[in-house]
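Just below is one structure, and these are the notes that go with it.
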Amino acid sequence: AARAEEKKEEKAPPVTFSGMVDAYYTANLTTSQAVPNPLRAYDGNTGFRLNWAKLVAAMAPEPAGFRIDLGFGPESYYTTNYFLLQAFASLKLGPGVLDFGQFTTSAGFELFEAKDNWLYTRGLIYQFIVPTVHQGLRYTTEVADGLTFQASLSNGWDAPDALVIDPVLSSRKTGHVSLFYAKDAIYTWNNGPKYE
């Protein structure tokens, strides 16, 4: 009877929903107001612009979970695969978390979401070199206070392109190993280190 009561009390972790909207006003002071700034990602003509809207559904891995991010707006043509930014399942494995599916890259230092990036517009190095998402496996664990280890194995370079209807990705695999350090930081399973 006691075990049956314990099973009743065990519940799946809650699914959380969140989102964000990125809108701005831009002005080009050096050329015609009808011309976007050249050689920078995501810039538009002068005026107000609804650049990006994102909806997220997530469940923490206790012991299994998931995360799905949908993106809409002009920026989604460059950062999502038919509006799907991330979709992965997560499993607690030892001291860390194993993710399987499509997840945003941890390569580079410049993020494409404006809320996490003071460099609002992006130059050519970001636009043509930094990947957006990866498809594969990723393992993340905190190895010491504020120090997080991450390793992944994924399909070749995966960057959605609005101009290519059916992009051909490399058949080679990409490996990635990194350490994140932030003093007085906590690890969150879906976004890596998070500052308090």
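The values are calculated or read from the model by the stated rules, or taken from the named source; none is laboratory data. The shown structure was predicted, so the numbers you read here are calculated from the model rather than taken from an experiment. Virtual Cβ from ideal backbone geometry, glycine too; neighbours counted across all protein chains shown. Heads up: the accessible areas ignore ligands, DNA and RNA and are worked out on the full protein's heavy atoms, side chains in. Shrake-Rupley method; radii C 1.70, N 1.55, O 1.52, S 1.80 Å.
When residues of the range 90-108 are filtered for being touching a Leu at 6+ places or on another chain (Cβ under 9 Å) and surrounded by fewer than 17 Cβ atoms within 10 Å (Cβ to Cβ), how many remain? Matching residues across the range 90-108 total 3.
Kindly indicate the residue of the range 58-87 that is under 11 Å from the mean Cα position of the chain (by Cα) and free of Cβ contacts under 8 Å to residues at least 40 places away in the same chain and also surrounded by the fewest Cβ atoms within 10 Å (Cβ to Cβ) among those meeting that condition.
Applying the filter and picking the extreme gives Leu84.
A quick yes/no check of all residues on (1) among the hydroxyl-bearing types (Ser, Thr, Tyr); (2) at pLDDT below 80; (3) within 21 Å of Thr148 (Cβ to Cβ):
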residue	(1), (2), (3)
Ala23	no, no, no
Phe72	no, no, no
Leu91	no, no, yes
Trp118	no, yes, no
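Table: residues versus (1) out of contact with any helix residue (DSSP H, G or I) (no Cβ under 9 Å at 6 or more places or on another chain); (2) modelled with pLDDT of 85 or more.
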| residue | (1), (2) |
| --- | --- |
| Ala87 | yes, yes |
| Pro95 | yes, yes |
| Phe103 | yes, yes |
| Glu110 | no, no |
| Ala114 | yes, no |
| Ile129 | yes, no |
| Glu142 | yes, yes |
| Ser154 | yes, yes |
| Asp184 | yes, no |
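For the range 89-99, give me each residue that is at negative phi and touching a residue at least 40 places away in the same chain (Cβ under 8 Å). First the steps, then the outcome.
Within the range 89-99, the subset at negative phi is 89-93, 95-99.
Residues satisfying the conditions are Ser90, Leu93, Pro95, Gly96, Val97, Leu98, Asp99.
Inside the range 45-56, residues that are open to solvent by 20 Å² or more (accessible area, probe 1.4 Å) and over 13 Å from Val21 (Cβ atoms) make up a count of 2.
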